[in-house]
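Report on the structure given below.
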Number of protein chains: 4
Amino acid sequence: MNAFGKLFRVTIVGESHGPAVGVIIDGVPAGLPLSADDFSVDIERRKGGIQKGTTPRKEDDFPLFQTGLFNGHTTGAPLTIFFENKNTRSGDYEKQRSVPRPGHADMVAHQKFGGFEDFRGGGHFSGRLTVGLVAAGVVAKKMLPSIAINATILEVGGESDIEKGLQKAIDAKDSVGGIVECRVIGLPTAVGEPFFDSVESVLAHAVFAIPAVRGIEFGSGFAAAKMFGVAHNDAIENAEGKTKTNHAGGVVGGITNGNELVFRIAIKPTSSTPKDQVTLNWETNQQETFSVKGRHDLCIALRVPVVLEAVTAIVLADLLAQVNAIPRVWKG
Amino acid sequence: MNAFGKLFRVTIVGESHGPAVGVIIDGVPAGLPLSADDFSVDIERRKGGIQKGTTPRKEDDFPLFQTGLFNGHTTGAPLTIFFENKNTRSGDYEKQRSVPRPGHADMVAHQKFGGFEDFRGGGHFSGRLTVGLVAAGVVAKKMLPSIAINATILEVGGESDIEKGLQKAIDAKDSVGGIVECRVIGLPTAVGEPFFDSVESVLAHAVFAIPAVRGIEFGSGFAAAKMFGVAHNDAIENAEGKTKTNHAGGVVGGITNGNELVFRIAIKPTSSTPKDQVTLNWETNQQETFSVKGRHDLCIALRVPVVLEAVTAIVLADLLAQVNAIPRVWKG
Amino acid sequence: MNAFGKLFRVTIVGESHGPAVGVIIDGVPAGLPLSADDFSVDIERRKGGIQKGTTPRKEDDFPLFQTGLFNGHTTGAPLTIFFENKNTRSGDYEKQRSVPRPGHADMVAHQKFGGFEDFRGGGHFSGRLTVGLVAAGVVAKKMLPSIAINATILEVGGESDIEKGLQKAIDAKDSVGGIVECRVIGLPTAVGEPFFDSVESVLAHAVFAIPAVRGIEFGSGFAAAKMFGVAHNDAIENAEGKTKTNHAGGVVGGITNGNELVFRIAIKPTSSTPKDQVTLNWETNQQETFSVKGRHDLCIALRVPVVLEAVTAIVLADLLAQVNAIPRVWKG
Amino acid sequence: MNAFGKLFRVTIVGESHGPAVGVIIDGVPAGLPLSADDFSVDIERRKGGIQKGTTPRKEDDFPLFQTGLFNGHTTGAPLTIFFENKNTRSGDYEKQRSVPRPGHADMVAHQKFGGFEDFRGGGHFSGRLTVGLVAAGVVAKKMLPSIAINATILEVGGESDIEKGLQKAIDAKDSVGGIVECRVIGLPTAVGEPFFDSVESVLAHAVFAIPAVRGIEFGSGFAAAKMFGVAHNDAIENAEGKTKTNHAGGVVGGITNGNELVFRIAIKPTSSTPKDQVTLNWETNQQETFSVKGRHDLCIALRVPVVLEAVTAIVLADLLAQVNAIPRVWKG
């Protein structure tokens, strides 16, 4: 299903080259002030075409509020926000219909949807759909005024100097991946539920909806597997649960412990590399050499931070609603 | 919530030192042959007390079928399996009520449940509850006769020679973590749903319910972030979707591509280390030095493989049910 | 939440006088042929303005496919269908903002959403939103080609001669209610789940989403409460489960028994009656006499049959998906 | 699925003649005081064997707390309560394996579960399972201290003098049905969600899980279909939403309006009538005359009120949790 959340529920719809992509958000408190202006910063951050290493496809990405907004405030009914697809060049894709791009979902989409999938630009599997996530994130962030969510790029192409990582890709005429870290300050204790709705469970669930994510780790993460127990355990310092170190990344037993929430995700290199690649042509049933012609990102990780923040905000809004921490009617 | 799954739904209940722990499984096909014998191998694998490095707490762990079984077959109604807690020494814990063990859920449980939590042995947060997961995994595996799920320990304490890793812990009188890999053969293509019910999303969701998991990665995982695109992309070789390499770990766009499913998880060092640690006494509101007296694992990762297989089987049973691949009545 | 269904999931959005109302449908098989023409008959049936006794508000109600449709077939991704609100006269409502109409949701909406609700024309509570249900019903019906769902009006204003019932309302310058019956032929046996997902449970759940429904009964329904057991029980005649009588209405123990599914719903009289009524003015905190000026139905029950069929189709599509009876890719 | 609820989630398990029946309740606040004594009144009310017209099968029905209770209070983890089946005479049923009892689920269970169903005493479809509902209702009622839920029998066998209705059944050597009404005082306004989670939707959903329910109506219910609008509409009297009449039964637009919640359900006559009946023998494939030998209720409606109260409390606990009205930690 294309929906996430129990009380704050986000549904992502659309295809890259269809009329529009969008998001439907159920469970927004009534009375939250909201306007197109609220979206511009995050929408701009997600856009390609500005930074070195991102796609030149340009979309206005102006949010169209179809439902749930009245007199500049949310109504309590589902909020529907659409973004038109204007800058599409579908011809790029139609030519190569029978040649699934390696690393992309073309082949699995074809197997799953029997050839009826909208294949243009990756269709429903396109990174284009993350604009809906970003929009939902803007709403979620507004619902969490005392929580600061901050995602940053830790490394690109294996380099912590990001410019250097990008240059590697440019030099190699190839694409590269990266690592993005998210830190959350201001989260109360006791958020998250034991077992299947642990903070890690629901965050990981939502985060893997972001295309190109290959891994997630909390606190010390994979490095914890190499540590001794006494080094990894965080000494509790006060009754609020403040710890001396934060190897747990702010979550113990699936529940927030009042310290900074810290997690990192691995982003694979953009599948659309300028390099020649070998793939199957399912019409001829022969392998052939394939070269991507469309407009693409050198390093998709560059565009991920704002999406990761959005997903984090969505998850936290839902978890906080479950502990009665989100009012049903907003008080300015 | 303590339940997972849409059509094959698993609910985990119990506390470490309460009368019993158990699992309720809804959505089991009617007619699946099932007996206590089916459980013995996996239950034994999960048990401590045999291998070096695992806890000497011994439980019979004999599955008690309370509901859903009749004449040796499942009935189609919910299956309830309980395991009695017999070998408990709660006194160990009562003494240290106000001293939350670092790395354990004691502090967050206290914050979340206001002091009403069953604190004995970690209560509902105890690794003891994974026996219910293992039991559900046994049922799920029987529902997937043509799929082979295999989890193995890749490293302990940073060593791929596991004995060596354990010896490090013994020498240091401390606990260590580890990395566990899971591989699945025989999974059909087109399993998993786009966006929020991607294979990675639902697997990660369930996997983080296993205590001590700190990270998960699919295919090349975090290493992918350092690779070039052309190296990471897997060349498609035939119409079934077979790829030359398997950096994707068998999942593209959240959907299985017919190759081996491969993922790894990071397990933190056992929180109960024999070493002295500093923590807060919430009664005195002073920090004090704390030393674990209970029976515990040197390396909890050693007991994780069978739990990871179980969780994987649970997730796959649910995903396969969603693509009509699990019959509602079992045909021998 | 504004969504219904487990595998075939329908989300209803919009407000009566906002830009649009619509429906998002997740879980539609890929490859289902679909065009605007498929919708015209049911959309026309739902419309007012044609029959005596229905509102003169006229909307084109042309389905706008925003997502999920490609080359005349569903893609397997969520289907989004919108209907623009064009023919609105919001001024009618703004004048009477502080005077909640008796029988309408004005007062409860105000209490629930703190004054932020879109109050124009009932906003999100308007019968206008049933156009989305009808659209989803069209899709669901196409997924059930061997099942015939037929809803008819049994009585209006207490009269089985419906013209006579309407005339009563016209003569009394008041509105009237009615009873609608739904019959389903071709439903296989063994659909529905024990206990909480019984056929009656999920049908009733969805049916009460239709505004103005006040009751539902299956088979003999309330009359069963006056019958003897031997008269009510249906004698089983053959191995397919065919019964001599059908007092059960096709459902026993929550599961279909292969006979015709029969249920009835009670529709209250249209709340907007031309008659003067007393209500509270929450600004003056005085009661005052109120007279509805907008355009409304004399008997809303007249427009219910197509909506009831739609809801029934939605529920059955979801229940049949749960017993593996809906393919994920459509085969013409 | 055998579970109901979003935040307060109840799972019903067991078979009539299996080891036990029970209930698992997730989402109970931590700290709710609870003991076996709390259950005795409602468990007694549900029991047969005392009143004229109810089954002589006697069970202790002593609640066994398996999980979620510690030191006389709930822990916040799932609460599991079992009731052993002691007083079973399965031989009664084994003899008639191939002769499905008319009105019972025997035939549909056989079709759905392929012969693997536990057929003894109706198995999972037995009214015996409502003891789990009653237990969950006891917990839910404790969570709603300021709400009074009261269900009463309105009529039996078509008679409002209930003794007279029962005598009709005794004279006719047959079983009879009845009508049960539920009234709820103290419910706040603004409970329930628009569209698919309307108060009526979720109540009806849960109520139809009670065996033998054939209809439900709110407020004036089916009688509303015969009323004029001006007569049915309830005049609002004050800012709290108090209305002069209560034809709406306390729910408008799916949301509580602060008035008494009123609804009625129709219970069919007990399927196990002492009278001879004709049914199919699926072994011989011939119809034969069948006579019920087991112990059964003359009028099952007599035992429904406490079950209906329980289901109502379960639903309200869940709806109130969704509007932040149930604390996660109980304060005495």
* Label-to-label distances across copies for residue D:58, with labels 7 Å out along Cα→Cβ, in nm, shortest first? -> 4.5, 7.5, 8.7
* How about region A:166-235: which chymotrypsin sites (Phe, Trp or Tyr not before Pro) there lie in a loop by DSSP and see at most 15 other Cβ atoms within 10 Å? -> none
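Nearest 20 debye, what's the magnitude of the dipole of the protein assembly as shown about its Cα centre given +1 on Lys and Arg Cβ and -1 on Asp and Glu Cβ?
Working: 136 positive and 144 negative charges, 0 e Å.
It comes to approximately 0 debye.
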* Roughly how crowded by other chains is peptide C:40-46, in terms of the mean Cβ count from those chains within 10 Å of each of its Cβ atoms? -> 0
* Using only atoms on other chains, find how many Cβ atoms lie within 10 Å of each Cβ of peptide B:254-264 and report the average. => 3
* **B:227, D:107 arranged by Cβ crowding within 10 Å, fewest neighbours leading** => B:227, D:107
* **Cβ-defined net charge surrounding residue C:160, 14 Å radius [Lys, Arg +1; Asp, Glu -1]** => -1
* **Most positive-pole-ward Cα, B:135, B:36, B:290, against dipole of chain B from beta carbon charges** => B:290
* **Selection from A:251, A:263, A:187, by position along the positive dipole direction of region A:3-322 (Cβ)** => A:263
* Where does helix A:304-322 land angle-wise versus the long Cα axis of chain A, in degrees 0 to 90, nearest 10? -> 40
* To do: Might you report the magnitude of the Cβ-based charge dipole of region C:3-322 about its Cα centre, with Lys and Arg at +1 and Asp and Glu at -1, to the nearest 20 debye?
  => 520
* **Debye, to nearest 20: dipole size of region D:196-332, +1 on Lys, Arg Cβ, -1 on Asp, Glu Cβ** => 260
* Which shape class, rounded, prolate or oblate, goes with region A:145-202 when its Cα gyration tensor gives a ≥ b ≥ c as root eigenvalues, a/c under 1.5 marks rounded, and past that a/b bigger than b/c marks prolate? -> prolate
* Under-5 Å amide H pairs with residue D:243, H placed in peptide plane, nonlocal only -> D:237
* When the helix-only estimate is applied to chain B (DSSP H runs of n ≥ 4, each -39,500 (n - 2.57), divided by the residue count), what is the mean residue ellipticity at 222 nm, nearest 500 deg cm²/dmol? -> -7000 deg cm²/dmol
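As an exercise, use a Förster radius of 41 Å and the Cβ-Cβ distance of residue C:87 and residue A:148 to find the FRET efficiency, rounded to the nearest 0.05.
0.35
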* Structure fact -> Out of D:317, D:216, D:107 - ranked by how far each Cα lies towards the positive end of the dipole of region D:3-322, with unit charges on the beta-carbon of charged residues - the top one is D:107
* **Rounded, prolate or oblate (a/c below 1.5 giving rounded, otherwise prolate when a/b exceeds b/c) for chain B by Cα gyration tensor** => oblate
* Value of D in µm² per second that Stokes-Einstein yields for the protein assembly as shown, Kirkwood Rh from Cα pairs, at 10 °C (1.306 mPa s) -> 50
* For peptide A:70-76, how many partner chain Cβ atoms fall within 10 Å of a residue's Cβ, on average? -> 6
* Helix C:162-172 sits at what angle to the longest principal axis of chain C, using alpha carbons and giving 0 to 90 degrees rounded to 10? -> 20
* Please work out the C-alpha center-to-center distance from region A:108-149 to region B:286-318 and express it in whole Å. => 34
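Bear in mind these aren't lab numbers, they're just calculated from the coordinates by the rules spelled out. Every value quoted in this text rests on a predicted model; they were computed, and no experiment measured them. Heads up, the Cβs are rebuilt from the backbone with ideal geometry, glycines too, and the neighbour counts pull from every protein chain shown.
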